[in-house]
Amino acid sequence: MGSFFRSEEMSLVQLFFQTESAHYCISELGNLGLVQFKDLNPDTSAFQRRFVNEVRKCEDMERILRLLEKEMLKSDITIANGTDSDRVPCPRDVFELESTFEKLEQELKEINSNRETLKRNFSELREIRYLLQMAEDFFEQAECQLSVSELPSEDSITLTSSSRMVRRTSSIASTTGPLKLGFVTGVIQQERFLSFEKILWRLFHGNFILRHAEIQTLEEDDSTEKSVKKVVFIIFIQGDHVRRKIRKICEGFHASLYPCPNSPGARKDMRTNVSTRISDLTMILKKTEEYRLNVLTSAAAHIRRWNAKVTKMKAVYYTLNLCNIDITQKLIVAEIWCPVPDLGMVQTALVKASEHSGCSLSPVMNRIPTNHTPPTFNRTNIFTTGFQSIIDAYGVADYQEINPAPYTIVTFPFLFAVMFGDCGHGLLMTLLAAWIIHHEEHFCQLKSELIDVLVGGRYIVLLMGLFSIYTGLIYNDCFSKSLNVFGSSWSVRAMFQPQGPWTNETLHGSTHLQLDPAVSGVFSGSPYAFGIDPIWNIASNKLTFLNSFKMKMSVIIGVIHMLFGVTLSLVNYFNFRNFKNIFLQFVPEVVFMLSLFGYLVVLILYKWCVALQSDMAPSILLLFINMMLFTYEDSQEAMLFSCQKPVQIFLVVVALLMVPWLLLAKPLLMYRNHKNQVFGNRRHNQSGGPDMDTDFAAEHKGDMVSMTDVFVYQAIHTIEFCLGCISNTASYLRLWALSLAHAELSEVLWKMVLHVALGVTSGKGSVLLAVIFAVFASLTVAILLVMEGLSAFLHALRLHWVEFQNKFYKGSGYKFTPLCFDSLMRVQ
Amino acid sequence: MAEHTFAISMAVVTLFWGFVGGVVPWFIPKGPNRGVIVTMLVLTAVSCYLFWLIAILAQLNPLFGPALSNDTIWYLSQHWS
């Protein structure tokens, strides 16, 4: 038998290697993926370990790599999927990579900060350009509304210098004297503009003129990297005092103020100046961007390889932290768990690694016996991995305990199928699983968690679909319709005259009539050859028959599944050479279960196989209850077979006797063994002296305490088993419940969705049918496949984890986690 | 023929699942997966046969018959033998 039926035999091996070859050896073992390193320094905290600095350095490098990757994603640079270099990472590589990374990080930081500054300057220059443009338009408007005056101050407008304005001065009447008009120009965000205007009105009561215009092309706000709409404004005001106030307000609103010269000539000069500066800056920005892209692209070619290297190095240093570094600093001692069949491979790998590193001495492997429990290792292939993982999710098996996974491969999909039971839906599920399996590699690369779960369980889904097709054929349920392949066993014609009681008048008299199997010819004597007879699908009392059938089926399947579980515990006892337990635990458990629930199954089968008259058939449930209560009626009709009463009394008494056997036999035996041991020791060491007595007294007290433990544990086990038998058998009734729910949902979808469309006889019916079919299909997938599938999956899993495994499974081991670079890479 | 249908179907199905669970395992080639494949075959045969057996035994001696509507009865009396 392969290792899949129980854990592989593991051995504890001591490894001695030289410090120089340590990196190579550990990397080689990591590539192999077959050994698990044991922690030889469990008392030291993470910060006290020897290689903690190196681990920190590796983590730093990982941080830089992540930063680089983020920058690359931002700039849409494709990262090449590099091939993994087989070169073993050594300490020299650490230093090399470290310096490379630091240089890269510095460069990138510099480039980024330069880019920010340049962009800010650029946007400022653009704002100034717009400002100057708008100012031209404003001044053209302004001359029409302001009086003309020649002003001495620099900030004032000189309107007379423009020739157009000279022509207009005569048309403008100036009643007051010369006015000192100053102006302020700036740019503000559009959303703040309204409140800005309101505050100005409140402060100056309209003693100003505000003109504004939107900047048509959007600017980029540097801090948020979003495009923000900005507005150019120009305020005409009187006096310096007001100007200072306005400056303060603009600061408060984060409006940028720019100086604007008065004369149009100066403005034109400024505009040309700004334009040249803008074009220069654009070129500089382009060059900076190109340089940045170059740096990132050259890094992108190597980044995958660097990632792999850094991960491997970190793993190697982490493993070195687990080893024992010898005092003389020349030798490293490691303890590993390794499966016994693979010891040879590990030896060759170590020899190869030490040759590669150029060391003179090859590493020494020394197998040591140990009392520690080894980790549990089950070798799985892609098919069995899924099933092993659902077992491990509940609890990893103890070392060398029987592994429920190989049986779960069939029983789990079978129990699912009993609850799912529709060959149409099963076919859909099988096709889906086959499609996923066909496109395995493509799906393995998608990183979504939900898809990962489905892809990981693709073989489970395939088996669930195949079994569902089979149980669907037996339930005779295909999208809630039945198939009539062999011809029904029920004949309606036989109910009519002259054989049966019906006439045409009976038909007119009532809407529903029931066939009577007692009338000859109605039931052909041979049931439908494969599955449930198709006539039940069109009968109105279908559920009465199906419920009785499915409930009894659930009980039979449940009792057999549980008996299988108890039998597996027998295999465990044989394996651990625990023959006492066979008599102390296995025998009473099996007898208890068989005498009560085995008898129930026999009753069910007997009632099915024997022809009874319907009005005299006793109910099995009542029979069972009366059996437990020891109440019997005297009439002959209440029994299924003769001498049933003494048989039942015997069985119940036997079952009741099993309870004290299970409860007391094992603890009493252990108690007697311990007492003999203690007395034997006492007699043996009578001459030992008085100081020995105190030791033995303590030991004796210790034994007494543990005897109480044993008694309590056994009592708990007995109660759990006996009550569990009843509750677990009832728990299997969920097989009936879920298959009923599925069948009813399926029928509702047919009757209320598809049937409605098929019943329309006019020409529009075809269009309606197409639409309704889309609705039918999506509801089938969403409700019946996804929801019911998940529900049945969950309940089948619960039946395995609780009802099946609590008969034999301890599940308190720990899993074998080898140092494996492949799985580390895949996690990345 | 009708009386023997039960015996025929019983024999055929029992033989089939007996073949799958009892004969095919001897022909599985030796390899690392032989144990798992044999376990799968035996368990499949046992569980599928059991399920079919329960279905057929439940219908062997029916205590009551199906209740049909008038239209169904009329249709069946014409079209089914």
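The values are calculated or read from the model by the stated rules, or taken from the named source; none is laboratory data. From a predicted model like this one, the values you see are computed outputs, not experimental measurements. All Cβ positions, glycine included, derive from the backbone under ideal geometry; neighbour counts span all protein chains shown. For accessibility, only protein heavy atoms count, side chains too; no ligands or nucleic acids. Shrake-Rupley method; radii C 1.70, N 1.55, O 1.52, S 1.80 Å.
Here are the numbers for the structure shown:
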quantity: Output for the stretch B:60-81, where each listed residue is open to solvent by less than 60 Å² (accessible area, probe 1.4 Å) and either under 21 Å from B:Gly18 (Cβ atoms) or more than 7 Å from chain A (Cβ to nearest Cβ) (or both); calculated: B:Leu60
quantity: Subset of the stretch A:492-529 (residues that are within 7 Å of another protein chain (Cβ to nearest Cβ) and part of a loop (DSSP other than H, G, I, E, B)); calculated: A:Val492, A:Thr511, A:Leu515, A:Asp516, A:Pro517, A:Val522, A:Ser524, A:Gly525, A:Ser526, A:Pro527, A:Tyr528, A:Ala529
quantity: Near pairs, Cβ below 8 angstrom, 6+ apart or cross-chain, from the stretch A:191-203 (at negative phi) to any residue that is among the charged types (D, E, K, R) and surrounded by 13 or more Cβ atoms within 10 Å (Cβ to Cβ); calculated: A:Glu191/A:Lys229; A:Leu203/A:Lys245
quantity: Residues (over 30 Å from A:Ile557 (Cα atoms), in a helix (DSSP H, G or I) and not hydrophobic (A, V, I, L, M, F, W, C)) located in the stretch A:752-796; calculated: A:His755, A:Gly765, A:Ser766, A:Ser778
quantity: Candidate set from the stretch B:1-24 (those that are in contact with a Ser or Thr (Cβ under 9 Å, 6 or more places away or on another chain) and either away from chain A (no Cβ under 12 Å) or aliphatic (A, V, I, L, M) (or both)); member that is nearest to A:Ser526 (Cα to Cα); calculated: B:Ala2
quantity: Selection status of A:Thr348, among the β-branched types (Val, Ile, Thr), assigned to a helix (DSSP H, G or I) and open to solvent by 10 Å² or more (accessible area, probe 1.4 Å); calculated: yes
quantity: Count - residues of the stretch A:530-559 that are in a loop (DSSP other than H, G, I, E, B) and on the phi < 0 side of the Ramachandran plot; calculated: 6
quantity: Residue check, A:Arg6 within 14 Å of another protein chain (Cβ to nearest Cβ) and modelled with pLDDT of 85 or more; calculated: yes
quantity: Residue match in the stretch A:797-808 (condition: within 21 Å of A:Thr430 (Cα to Cα), in a helix (DSSP H, G or I) and at pLDDT 90 or above); calculated: yes
quantity: Strands (runs of 3 or more DSSP E) wholly inside the stretch A:222-333 that include at least 1 residues being touching a helix residue (DSSP H, G or I) at 6+ places or on another chain (Cβ under 7 Å); calculated: A:230-238, A:256-258
quantity: Filter result for the condition that a residue is at positive phi and of a type outside the set (Ser, Thr, Tyr), over A:Cys609, A:Cys643; calculated: A:Cys643
quantity: Count - residues of the stretch A:21-55 that are surrounded by 13 or more Cβ atoms within 10 Å (Cβ to Cβ) and outside any loop (DSSP other than H, G, I, E, B); calculated: 17
quantity: Breaking point among (1) without any contact (Cβ under 8 Å) to a residue 12 or more places away in the chain; (2) surrounded by 17 or more Cβ atoms within 10 Å (Cβ to Cβ); (3) β-branched (Val, Ile, Thr), for A:Thr708; calculated: (2)
quantity: Top-ranked residue in the stretch B:1-30 [being under 14 Å from A:Gly487 (Cβ atoms) and touching a residue at least 24 places away in the same chain (Cβ under 8 Å); ranked as most open to solvent (accessible area, probe 1.4 Å)]; calculated: B:Phe6
quantity: Residue list for the stretch A:547-564, filter: more than 8 Å from chain B (Cβ to nearest Cβ) and crowded, with 20+ Cβ neighbours inside 10 Å; calculated: A:Lys550, A:Ser554, A:Val555, A:Gly558, A:Val559, A:His561, A:Met562
quantity: Residue within the stretch A:419-431 that is open to solvent by less than 10 Å² (accessible area, probe 1.4 Å), closer than 25 Å to A:Thr817 by Cα and within 12 Å of chain B (Cβ to nearest Cβ) present; calculated: no
quantity: Hits in the stretch A:628-644 - residues which are more than 16 Å from A:Lys607 (Cα to Cα) and outside any loop (DSSP other than H, G, I, E, B); calculated: A:Met628, A:Leu629
quantity: Yes/no for A:Ala730 being under 30 Å from A:Lys666 (Cβ atoms), surrounded by fewer than 19 Cβ atoms within 10 Å (Cβ to Cβ) and of a type outside the set (Lys, Arg); calculated: yes
quantity: Contacts under 6 angstrom Cβ, first residue in the stretch B:37-59 being within 17 Å of A:Asn547 (Cα to Cα) and facing chain A (nearest Cβ under 7 Å), partner among the aromatic types (Phe, Trp, Tyr) and open to solvent by less than 40 Å² (accessible area, probe 1.4 Å), 6 or more apart; calculated: B:Leu57/A:Trp608; B:Ala58/A:Phe549; B:Ala58/A:Trp608
quantity: Those residues of the stretch A:422-476 which are touching a Gly at 6+ places or on another chain (Cβ under 6 Å) and outside any helix (DSSP H, G or I), in sequence order; calculated: A:Asp422, A:Gly457, A:Asn476
quantity: Count of the stretch A:393-406 residues which are over 16 Å from A:Thr373 (Cβ atoms), in contact (Cβ under 8 Å) with a residue 24 or more places away in the chain and open to solvent by 30 Å² or more (accessible area, probe 1.4 Å); calculated: 1
quantity: Which numbered condition A:Ile538 misses (of (1) open to solvent by 20 Å² or more (accessible area, probe 1.4 Å); (2) at the interface with chain B (Cβ under 7 Å from one of its Cβ atoms); (3) in contact with a helix residue (DSSP H, G or I) (Cβ under 6 Å, 6 or more places away or on another chain); (4) closer than 21 Å to A:Asp615 by Cα); calculated: (4)
quantity: Unique residue being open to solvent by less than 80 Å² (accessible area, probe 1.4 Å), at pLDDT 80 or above and not β-branched (Val, Ile, Thr) when the list is A:Arg271, A:Arg243, A:Arg277, A:Arg247; calculated: A:Arg243
quantity: Any hit, the stretch A:367-380, residues being assigned to a helix (DSSP H, G or I), of a type in the set (S, T, N, Q), surrounded by fewer than 15 Cβ atoms within 10 Å (Cβ to Cβ) and without any contact (Cβ under 8 Å) to a residue 24 or more places away in the chain; calculated: no
quantity: So A:Leu483, is it more than 7 Å from every other protein chain (Cβ to nearest Cβ) and modelled with pLDDT of 85 or more; calculated: yes
